[in-house]
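Let me begin by presenting the structure, written as structure tokens, before commenting on it.
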Amino acid sequence: MIAKKIEDALNAQINAETYSAYLYWSMSAALEGMNLPGFASWMRIQTQEEMGHAVKLYEHIVERGGTVTLTAIEGPQTAWKDVKAVMEATLAHEQKVSGLINDLMDLAIAEKDHAATMFLQWFVTEQVEEEATGMEILGKLEIAGNSQGGLYMLDKEMAQRILTPPKE
């Protein structure tokens, strides 16, 4: 049986992951408006990935006999000045989510909830990957600089991303 304190914290994380999906969907729409369909596609896949994270949390709560409580999702930002600003906001958001996951892990350890600790390890690893990807994309945008051709090539590269199911 899952402790109420852990259940509440995981429910809050479901909200945070769903917000992340909503934010990335908004970013996808903004990138479409910038005529960057590859970046927009990348963000739509990011949206699906974040919803997958919310589902993992949902399933963990249910599997442990808890109650999933869904709450209102805050509306995300809807406009950015350029693709670099979008990707800077993406990295900043992933860093914030990493902090939330670390707080969850700290709580699970403090509550001696070994099942939650093991479950959350996947998210800790995932956040390392998310931040590294954000830094890599920003680095490539930095290299491209003001080159329209460089941005075009990077947009084509971003379009190659496919949704891969999470590793268990």
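The values are calculated or read from the model by the stated rules, or taken from the named source; none is laboratory data. Predicted, not measured: the structure shown is a model, and the values here were computed from it. Quick reminder, even Gly has a Cβ in these numbers, built from the backbone with ideal geometry, and neighbours come from all protein chains shown.
Restricting attention to region 70-101, the residues that are touching a residue at least 60 places away in the same chain (Cβ under 8 Å) and either over 12 Å from the mean Cα position of the chain (by Cα) or on the phi > 0 side of the Ramachandran plot (or both) total 2.
Against the test of being farther than 21 Å from residue 1 by Cβ and of a type in the set (Gly, Ala, Ser), the options 108, 144 yield a single qualifying residue, 144. Among the residues of region 55-67, those identified as within 20 Å of the chain's Cα centre (by Cα) and loosely packed, with under 15 Cβ neighbours inside 10 Å are 55, 59. Residues of region 8-28 include none that is aliphatic (A, V, I, L, M), more than 30 Å from residue 141 (Cβ to Cβ) and modelled with pLDDT under 95. Tell me which residues, restricted to region 1-54, are among the basic types (Lys, Arg) and within 17 Å of the chain's Cα centre (by Cα). The one that is among the basic types (Lys, Arg) and within 17 Å of the chain's Cα centre (by Cα): 44. Restricting region 68-95 to residues that are within 16 Å of residue 17 (Cα to Cα) and touching a Gly at 6+ places or on another chain (Cβ under 7 Å), which is surrounded by the most Cβ atoms within 10 Å (Cβ to Cβ)? So, considering only residues that are within 16 Å of residue 17 (Cα to Cα) and touching a Gly at 6+ places or on another chain (Cβ under 7 Å), the one surrounded by the most Cβ atoms within 10 Å (Cβ to Cβ) is 90. For region 26-48, filtering for residues that are in contact (Cβ under 8 Å) with a residue 40 or more places away in the chain and surrounded by fewer than 21 Cβ atoms within 10 Å (Cβ to Cβ) leaves 8. Name every residue in region 111-121 that is without any contact (Cβ under 8 Å) to a residue 24 or more places away in the chain and either in contact with a Lys or Arg (Cβ under 9 Å, 6 or more places away or on another chain) or charged (D, E, K, R) (or both), in order of residue number. Within region 111-121, 112 is the sole residue that qualifies.
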